[in-house]
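What follows is a set of notes on a single structure, which appears directly below.
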Amino acid sequence: MKDYENVVVRVYTSDSMLLTERTEIVGTTHIVKWTEEFSKALYVAPNDKASEQQLDSASHRRDYILPTMSRGQVVRFQFLNAAKTQNQPSIWLDVLHKGVRLRFRAPQNEIFGVPLPMASLAGVILGFVLVGFIIMLIKTVWIAALCSLIYGLIAQTPGAWIIRIWRRLRDWFGD
């Protein structure tokens, strides 16, 4: 619910090599650029060779600057990396900026852009309300059971839409 300026994001790894990168600020035509300090540290003059330290920095670390980051803005970093061992490689992010907290979130399956566990929970809560109406309005037991079964099969979909509507309202009133 807050906008940020000049946020520095450090990407680093110790058990793999960063080969290529793709950065984007989702929904815009902009990419995320390296910090000026990091660019200068990796600069190699024409007809010169990169030092060992420059090669090591380029393959294990990247420093990016986000000039502005608006509420709800999504920034995406994608890397091609080569693992040094047979273990699963890890790439870490670090942000030191007032008011910014970085949390690890494992990838989850989504429905309409909402994580499945969240959509399921919202769908179940909405289902309790719906079952209350079904009990009050439908007197034939098998029709009530059939309506409940049908809703149970699709509960994630209305749950996802409830979450999306909530997010949209939050964004409108959060401005």
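Observations
- Cβ separations smaller than 6 Å between residues 6+ apart or across chains give the following pairs from the range 85-110 residues that are without any contact (Cβ under 8 Å) to a residue 12 or more places away in the chain and more than 20 Å from residue 62 (Cβ to Cβ) to residues that are of a type in the set (A, V, I, L, M, F, W, C) and surrounded by 12 or more Cβ atoms within 10 Å (Cβ to Cβ): 109/116.
- Of the set (1) out of contact with any Asp or Glu (no Cβ under 9 Å at 6 or more places or on another chain); (2) within 30 Å of residue 172 (Cα to Cα), all apply to residue 18 but (2).
- Residue 6 being without any contact (Cβ under 8 Å) to a residue 12 or more places away in the chain, surrounded by fewer than 15 Cβ atoms within 10 Å (Cβ to Cβ) and not aromatic (Phe, Trp, Tyr): no
- The range 83-116: number of residues that are surrounded by 12 or more Cβ atoms within 10 Å (Cβ to Cβ) and within 13 Å of residue 160 (Cβ to Cβ): 6
- Qualifying residue in the range 32-46 (condition: touching a strand residue (DSSP E or B) at 6+ places or on another chain (Cβ under 7 Å), of a type outside the set (D, E, K, R), modelled with pLDDT of 90 or more and closer than 30 Å to residue 168 by Cα): yes
- Residue 74, sole failed condition from (1) surrounded by fewer than 16 Cβ atoms within 10 Å (Cβ to Cβ); (2) of a type outside the set (S, T, N, Q); (3) outside the structural domain of residue 32 (by TED's automatic domain parsing): (3)
The values are calculated or read from the model by the stated rules, or taken from the named source; none is laboratory data. This one's a predicted model, so the numbers in the text were calculated from it and none came from an experiment. No Cβ is skipped: glycine too gets one built from the backbone with ideal geometry, and neighbour counts run over all protein chains shown.
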